[in-house]
1. Using Cα-Cα distances under 8 Å and only pairs 6 or more residues apart, what relative contact order does the chain have, in percent?
2. What pairs in Lys22/Lys284; Lys68/Lys220; Lys201/Lys272; Lys67/Lys220; Lys68/Lys132; Lys111/Lys132 have C-alpha atoms more than 26 Å from each other?
3. Which order, highest average first, do 79-88, 202-211, 258-267 follow once you tally other Cβ atoms within 10 Å for each residue and take the mean per peptide?
4. Can you compute 3J(HN,Hα) from phi for each residue in the range 123-138, using the Karplus curve 6.51 cos²θ - 1.76 cosθ + 1.60 with θ = phi - 60°, rounded to whole Hz and x for Gly and Pro?
5. Nearest 20 debye, what's the magnitude of the dipole of the range 27-184 about its Cα centre given +1 on Lys and Arg Cβ and -1 on Asp and Glu Cβ?
6. I need the semi-axes of the equivalent ellipsoid of the range 83-154: take the C-alpha gyration tensor, multiply each eigenvalue by 5, square-root it, list largest first in whole angstrom.
7. Which listed residue (Ala293, Leu109, Thr131) has the Cα farthest towards the positive end of the charge dipole for the chain, taking +1 on Lys and Arg C-beta and -1 on Asp and Glu C-beta about the Cα centre?
8. Can you give the charge dipole size of the range 5-325 about its Cα centre, rounded to the nearest 20 debye, using +1 on the beta carbon of Lys and Arg and -1 on the beta carbon of Asp and Glu?
Amino acid sequence: MTTVLLLHFLFAADPATSVQLKAVAVPLPSIRDSASLDYFAVERAAGRVWIPESTTGAVYVLDLATKKMVAVGGFSANRPGLSAVSLGDGWAFVGNRRTPELCTVNVRLLKKSACASLTASSDGVAYVASTKEVWVTSPGDRMLTIVDVHDPDHPKQTAHVAVLGRPEGYAVDDARTLFFTNLEDKNQTLAVDVRTRKVVKTWSAHCGAGGPRGLAYDDKRQFLFVACTDGARVLDARDGDGTLLSSLTVGAGVDNIDYLDAGHRLYVAAGKANRLSVAEVSEKGELMPLASAPTAPGARVVVVEDDGTAVVGDPTHGGVLVVSPSR
């Protein structure tokens with residue numbers, strides 16, 4: 001049984017106004033202490049968030065309407081272990097650092113199906129619908145690992161793309177068949193053609209010595225959002241020049257970010273500053289601070305549902321925070 005704790009934070013927006021947010025702390029079942037959390041995925045059509053957790057070897061599926069969780073098991077319980085999950089075409093694709101492998105889960109049945117053994121490490125995973133592949137970032141091996149999932153019951157590794165640094169973060173432009181990732185040790189952002197499997201653009205991430213982390217993407221306006229350790233940058237991916245359009249500083253400890261097309265809003269969680277920040281993105285790619293709210297130590301992962309409800313990882317307390325506007 002999932003126990004929820006109802007909290008209230010003041011969501012500071014324009015100085016002249018404020019919006020009350022309702023934050024619900026939801027613990028992960030079977031977690032007695034801290035949790036090991038990294039990349040989440042949001043299943044917006046169903047109002048669910050997929051949360052891989054290493055120490056229990058389970059992927060927890062959170063129903064945002066009921067705050068109930070279902071655990072999908074059958075994975076190895078190790079730290080580091082489960083690293084990321086990506087969703088597409090009725091399947092979830094789960095990466096495991098320890099094994100290493102890429103496993104498939106039937107979304108309707110909430111049941112693990114099969115795994116592909118990988119010859120390189122597993123960190124982030126991204127489903128690419130145009131080629132029915134999963135692209136896995138392998139920072140320890142300085143490469144991208146590609147898994148064919150035309151038949152999700154029989155996934156198989158097919159190729160590698162070597163890169164000149166440690167790939168971190170991911171975003172996909174299916175219409176232009178581009179895969180984006182950062183090189184965290186080079187302060188660079190790459191665009192890779194998923195059909196030719198060639199790096200076609202290399203841009204500065206403009207993150208400084210700390211290097212870039214996660215990515216998010218506005219596929220309609222072709223803005224690429226880069227997470228830096230202290231905030232976010234907007235790169236212009238429309239003409240392939242990667243021009244820096246704007247920057248936002250929110251505090252230390254930023255890792256993964258998420259973007260909501262409705263309202264053009266970017267969500268950034270800072271795990272050392274203990275704060276969730278939201279910015280509106282203008283037609284020119286300008287980041288305009290909209291609001292912020294306190295979270296918890298180590299809360300560096302965020303995904304966003306269609307209605308603006310954000311789910312932030314809370315590893316220190318072994319759960320997540322569900323942050324939504326009060327009705």
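1. So the answer I get is 13 percent.
2. Exceeds cut-off: Lys22/Lys284; Lys68/Lys220; Lys201/Lys272; Lys67/Lys220; Lys68/Lys132.
3. 79-88, 258-267, 202-211
4. Residue by residue, the range 123-138 yields 10, x, 10, 9, 7, 10, 5, 5, 10, 6, 10, 10, 9, 10, 7, 10 Hz.
5. 420 debye
6. Working from the Cα gyration tensor, I get semi-axes of 19, 13, 10 Å.
7. Farthest along the dipole direction, towards plus: Leu109.
8. Around 560 debye, computed over the range 5-325.
Every number here is computed from the coordinates shown, using simple stated rules; none is lab data. Values in this document were obtained by computation on a predicted structure and should not be read as measured data. In this analysis, Cβ positions are derived from the backbone assuming ideal geometry, glycine residues included, and neighbour counts consider all displayed protein chains.
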